[in-house]
Amino acid sequence: MTMFLYAAFGGAIGAAARYGVNVSTFKLLGHGFPWGTMFVNIAGSFVMGVLIAVMALSWNASQETRVFLMTGVLGGFTTFSAFSLDFAALYERKEFGLAFGYAGSSVVMSLVAVFAGLYLARTVFQ
């Protein structure tokens with residue numbers, strides 16, 4: 001149960017940070033393009049890469065710290081960071097077909113799913 005609390009607390013921090021980024025980018029750049037989402041996806045992926053490397057090379061972080069930072073904070077900030085790490089792991093194992101298949105199918109299927117959800121909700125609730 002303790003690990004769930006680490007993930008939940010980190011997730012709250014990440015979600016609040018994402019909200020702050022979205023509000024700030026809307027004020028600075030307007031609503032015409034999802035700048036906030038793009039920023040958190042790229043930044044989250046970068047931070048995920050940094051943390052994974054640092055933890056592998058020099059920081060023997062506890063499992064609680066890993067869950068708090070990786071699953072919690074970055075997961076709440078953006079799930080794109082986990083997607084990027086999964087792709088990188090497949091790629092670095094030289095499983096190129098799986099890596100690119102995973103990337104392509106994740107993006108396409110997620111887009112199909114969002115449109116399916118929109119269609120279903122509009123059909124049911126209109």
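The values are calculated or read from the model by the stated rules, or taken from the named source; none is laboratory data. Here the structure is a predicted model, which is why all the values come from computation and not from measurement. A quick note on method: Cβ atoms are made from the backbone with ideal geometry, for glycine too, and the neighbour counts reach across all protein chains shown. To get the accessible areas, we keep the full protein, side chains included, count just its heavy atoms, and leave off ligands, DNA and RNA. Shrake-Rupley method; radii C 1.70, N 1.55, O 1.52, S 1.80 Å.
When the range 58-99 is filtered for residues that are under 24 Å from residue 14 (Cβ atoms), among the aromatic types (Phe, Trp, Tyr) and free of Cβ contacts under 8 Å to residues at least 60 places away in the same chain, the ones remaining, listed by number, are 59, 80, 83, 87.
Number of residues in the range 71-82 that are open to solvent by 60 Å² or more (accessible area, probe 1.4 Å), β-branched (Val, Ile, Thr) and modelled with pLDDT under 90: the value is 1. If we scan the range 95-107, do we find a residue that is farther than 27 Å from residue 2 by Cα, loosely packed, with under 10 Cβ neighbours inside 10 Å and at pLDDT 90 or above? Yes: one or more hits.
When the range 29-47 is filtered for residues that are over 19 Å from the mean Cα position of the chain (by Cα) and among the aliphatic types (A, V, I, L, M), only 29 remains.
The single residue among 67, 50, 54, 73 that is over 18 Å from the mean Cα position of the chain (by Cα) and within 28 Å of residue 4 (Cβ to Cβ) turns out to be 54.
Listed here are the residues, each with its yes/no results for (1) surrounded by 14 or more Cβ atoms within 10 Å (Cβ to Cβ); (2) part of a helix (DSSP H, G or I); (3) among the hydroxyl-bearing types (Ser, Thr, Tyr).
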site: 7; (1), (2), (3): yes, yes, no
site: 21; (1), (2), (3): yes, yes, no
site: 33; (1), (2), (3): no, no, no
site: 36; (1), (2), (3): yes, yes, no
site: 53; (1), (2), (3): no, yes, no
site: 56; (1), (2), (3): no, yes, no
site: 61; (1), (2), (3): yes, no, no
site: 69; (1), (2), (3): yes, yes, no
site: 84; (1), (2), (3): yes, yes, yes
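Only residues that are open to solvent by 70 Å² or more (accessible area, probe 1.4 Å) and not β-branched (Val, Ile, Thr) were counted in the range 111-121, giving 4.
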